[in-house]
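The values are calculated or read from the model by the stated rules, or taken from the named source; none is laboratory data. As the structure is a prediction and not an experimental result, all values here were calculated from the model. Cβ placement follows ideal geometry from the backbone for every residue including glycine, while neighbour counts extend to all protein chains displayed. The area values use the complete protein model at the heavy-atom level, side chains included, leaving out ligands, DNA and RNA. Shrake-Rupley method; radii C 1.70, N 1.55, O 1.52, S 1.80 Å.
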Amino acid sequence: MSPLFLVLATPLLGSLVLGIMGHRPNGRNVNVFFSFATFLAAVFLTTRIVADGPIFALNQQFFIDSLNIFLVTLTAFIGFTTSVFSRPYMRIEEDRGKMSHSRMRLYFSMYQLFNFCMLLALTTNNMGILWVAMEAATLTTVLLVSVYRTPASLEAAWKYFILCGVGIAQALLGTILLYMAAQKVIAPGVNPLLWSNLNAVKTLLNPGVMALAFVFLLVGYGTKVGLAPLHNWLPDAHAEGPTPISAVLSGLLLNVALYAVIRCKILADGALHNHFAGHLMIGFGLLSVLVGAFSLLRQRDIKRMFSYSSIEHMGIITFAFGMGGPIANFAGLLHMTVHALSKSAVFYAVGHAAQKAGTQIMENIRGLIKVSPTVGWGLMMGTLAILGMPPFGIFASEFMILTSAMHQLPWAAPVLLLGLAVAFGAIFSRVQPMVFGETNVKRLAHPPALLPVFLHLGLALMLGLYIPGYLNHWFVQAAAIIGG
Amino acid sequence: MTDLSIQLINLFASFLLLLAFAMLAQRRVVNLVQIYAMQGLTVVAATSVVAYVTHQNQLYYSAAMTLVLKVFLIPWILRRLIKRLDIRWDVETLINIPSMMLIGIVLVIFSFNLALPIASLSTSISPGTLGIALACVLLSFMMMITRSKALPQVIGFLSMENALVFAATSATSGMPMVVELGIALDVLVGVFILGVFMFQIREQFESLDISHLENLKEE
């Protein structure tokens, strides 16, 4: 059996099994088991790619190259660590009566299905299937966002469904236009929706159609990336759903949507021979950085605050890819990786902190360092990592993005710096009293899973100091594929 | 022969546009479902004609799927929902109907202009309909913005998807079968989830008015 098949089949099987027995006490262990198996399969696939280079599978319907292999591994890895985190987290929620048996079953089953959809979106070569998988990823998480059935969570889920549904409909229109442009130039008998085929003829695609297609694709997938001004669903969905879901939405789904945008940008660049696509992405990116950073100042809910930080970071990454060039692309890819690791670590710590305090309102969360030093330190370190303090990886990628902005777009560098500075002030001033303030709350019934937090932060730290050779190689190659 | 079929497709396209306007102006939920089913039927007819002319068997399958799904199954689910939720009330609109029609006409002109330069590149037999498909997408989008009840918003969403299927047929003679199946599956699952949702919303708010769902914002 090919490792790619295992990567996709494991979570799908997991969702079926958990759909039947997810409510049993050991459902959470089975969930961890399937996520771990997926991760192992992804590692296996990675070693295969390191040894043999890019592969096609199943009549070219699947395609793994340097641009998606690290995302597949990252998705499987964070999917696994989040399942470890959700073991004690969801158990506490269940004890507190927030989750019934049937909701637990729904939660685990959808969690696996969500992982499957993301992995399918990442590995497919077919632009149509990419769309289907993105939409399916939304559908699987809608019911998870509303799983607590509170008025606020229902509102968040409704917003998420409608806004992302409308957004993704625009992406379908973009895909249709792409198909239309491709039919003109691709020889009969060759599938015109396969990205690799499109990439081979991208210089021949009609520029007018491609420009329009890219606008629709960027708006569509950009809604899922959380780019301003289409970001309204994101803070609500992140804040009202269970925290493990916030972690995977922020750390993984946004990346997958951005990956779709990048694939489309490569085609649009080839067809248009100018920087139209890049300029659009620069505009959306900068706007998101500013909107994200300034919205941070007004937050009271801790999960909302960190979801605005995700909008800001997605803006930075989109800006980097918009600028293009080997260094900015490299930095963008690194930032995607490190942001996913750090942000999910922050959400794990936030989840336990909020559970401990019994609230998500930041004013009421105090003195974590006294009640539970590990959660406190985890939150503090995670915050420093996400704010781009050296020596964490985000510092390295932001530094590269800023320096290439100074070279290529001197006017944009101060805007970026402003966004980063505002974000720093807003987040740090709120996290500091939460960690070091005075408090008198009790300990949690089940020991929190903090291994994932420090594992992620350790990796983010490592990527700031040293990037392994093959990862570096992939980033360089992927940066070349993206071009710009 | 082809002349007649092109005329037919154009006729169906204008029918679709007419139905999109009818949807904008329709106040009753039950009638909206009716219009949605008619829209589906029009798409089926247009797809079948394209299939007949271009001899593409997969388009027949696509038409059959649309027929089962969008003419029978989804409207049936929606009607059951309406019955079980007991919501046969009037649909109020935020802007009055004449001005909505005027905005709609502007949208149509806009999408015709947008589609004009690229329509000539279309490989299908009736390139002129791309503008209409685009207009229907925008009109459904507008309907979603202006409605404040949950079910009409959903119907707007579904009719947008109908318009997109029509766009795929008119611009490219249909997407590959795998993709169409995937899209259909997503839509069907979406409708089920929305059905579950409406009960949850009603349970929590005792109404299906979306204006209750406006509490999540920054203070």
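For segment A:465-484, the candidate set comprises residues that are within 27 Å of residue A:275 (Cβ to Cβ) and not in a helix (DSSP H, G or I); within that set, the residue that is least open to solvent (accessible area, probe 1.4 Å) is A:483. Taken over segment A:161-195, the criterion of being over 24 Å from the mean Cα position of the chain (by Cα) and either within 20 Å of residue A:281 (Cα to Cα) or not aliphatic (A, V, I, L, M) (or both) is satisfied by A:177, A:178, A:179, A:183, A:184, A:188, A:189, A:191, A:192.
How many of the residues making up segment A:128-137 are open to solvent by less than 10 Å² (accessible area, probe 1.4 Å) and within 9 Å of chain B (Cβ to nearest Cβ)? Even if it seems obvious, please write down each step before you answer.
First, the residues of segment A:128-137 that are open to solvent by less than 10 Å² (accessible area, probe 1.4 Å): A:128, A:130, A:133-134, A:137.
Now restrict to residues that are within 9 Å of chain B (Cβ to nearest Cβ): A:128, A:133.
So the count comes out to 2.
Selection of segment A:267-290 for residues being aliphatic (A, V, I, L, M) and either surrounded by 24 or more Cβ atoms within 10 Å (Cβ to Cβ) or modelled with pLDDT of 95 or more (or both) yields A:267, A:268, A:271, A:277, A:280, A:281, A:282, A:286, A:287, A:289, A:290.
Considering B:49, B:53, B:33, which residue is modelled with pLDDT under 95, more than 27 Å from residue B:76 (Cα to Cα) and assigned to a helix (DSSP H, G or I)? The conditions single out B:53. Looking at A:14, A:79, just one residue is modelled with pLDDT of 90 or more, closer than 27 Å to residue A:451 by Cβ, over 21 Å from the mean Cα position of the chain (by Cα) and open to solvent by less than 10 Å² (accessible area, probe 1.4 Å), and that residue is A:14.
Tally up the residues in segment A:88-121 that are assigned to a helix (DSSP H, G or I) and either among the hydroxyl-bearing types (Ser, Thr, Tyr) or under 14 Å from residue A:11 (Cα atoms) (or both), please. Please lay out each step first, then the result.
So the first thing to find is which residues in segment A:88-121 are assigned to a helix (DSSP H, G or I), and the list is A:88-95, A:101-121.
Imposing the further condition that a residue be either among the hydroxyl-bearing types (Ser, Thr, Tyr) or under 14 Å from residue A:11 (Cα atoms) (or both) reduces the set to A:89, A:102, A:107-121.
Count: 17.
Quick one: in segment B:169-210, which of the residues that are among the charged types (D, E, K, R) and not in a helix (DSSP H, G or I) is least open to solvent (accessible area, probe 1.4 Å)? Don't jump to the end; show me each part of the working.
Within segment B:169-210, the subset among the charged types (D, E, K, R) is B:180, B:186, B:202-203, B:206, B:209.
Restricting the remaining residues to those that are not in a helix (DSSP H, G or I) gives B:206, B:209.
On the way: B:206: 155, B:209: 30 Å².
In this case the residue turns out to be B:209.
Open to solvent by less than 10 Å² (accessible area, probe 1.4 Å), part of a helix (DSSP H, G or I) and over 19 Å from residue B:180 (Cβ atoms): is that true of residue A:143 in this structure? No. When residue B:186 is tested against (1) free of Cβ contacts under 8 Å to residues at least 40 places away in the same chain; (2) more than 10 Å from every other protein chain (Cβ to nearest Cβ); (3) in contact with a helix residue (DSSP H, G or I) (Cβ under 7 Å, 6 or more places away or on another chain), just one condition goes unmet, and that condition is (2).
Looking at (1) more than 16 Å from the chain's Cα centre (by Cα); (2) surrounded by 24 or more Cβ atoms within 10 Å (Cβ to Cβ), which one does residue A:318 not meet, given that it meets all the others? The single condition residue A:318 does not satisfy is (1). All conditions but one from (1) at the interface with another protein chain (Cβ under 10 Å from one of its Cβ atoms); (2) modelled with pLDDT of 80 or more apply to residue B:123; the one that does not is (2).
Contact annotation: residue pairs with Cβ atoms under 8 Å, 6 or more positions apart or on different chains, pairing a residue in segment A:42-70 that is free of Cβ contacts under 8 Å to residues at least 40 places away in the same chain with a partner that is acidic (Asp, Glu) and surrounded by 14 or more Cβ atoms within 10 Å (Cβ to Cβ), are A:54/A:65. Under the condition of being in contact with a Pro (Cβ under 8 Å, 6 or more places away or on another chain) and at pLDDT 85 or above, which residue from segment A:438-464 is surrounded by the most Cβ atoms within 10 Å (Cβ to Cβ)? Once the filter is applied, the top-ranked residue is A:464. Residues in segment A:447-480 that are more than 13 Å from residue A:332 (Cα to Cα) and among the β-branched types (Val, Ile, Thr): 2 in all. Residue B:61 meets all of the listed conditions (1) under 16 Å from residue B:198 (Cβ atoms); (2) in a helix (DSSP H, G or I) but one, namely (1).
Against the numbered list (1) open to solvent by 10 Å² or more (accessible area, probe 1.4 Å); (2) touching a residue at least 24 places away in the same chain (Cβ under 8 Å), residue B:133 comes up short only at (1).
A quick yes/no check of all residues on (1) under 30 Å from residue A:182 (Cβ atoms); (2) within 14 Å of chain B (Cβ to nearest Cβ); (3) in contact with an Asp or Glu (Cβ under 7 Å, 6 or more places away or on another chain):
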residue	(1), (2), (3)
A:254	yes, no, no
A:274	yes, no, no
A:287	no, no, no
A:297	no, yes, no
A:314	yes, no, no
A:319	yes, no, no
A:325	yes, no, no
A:356	no, no, no
A:368	no, no, no
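Looking only at residues in segment B:147-168 that are open to solvent by 10 Å² or more (accessible area, probe 1.4 Å) and assigned to a helix (DSSP H, G or I), the one that is farthest from the other protein chains (Cβ to nearest Cβ) is B:165.
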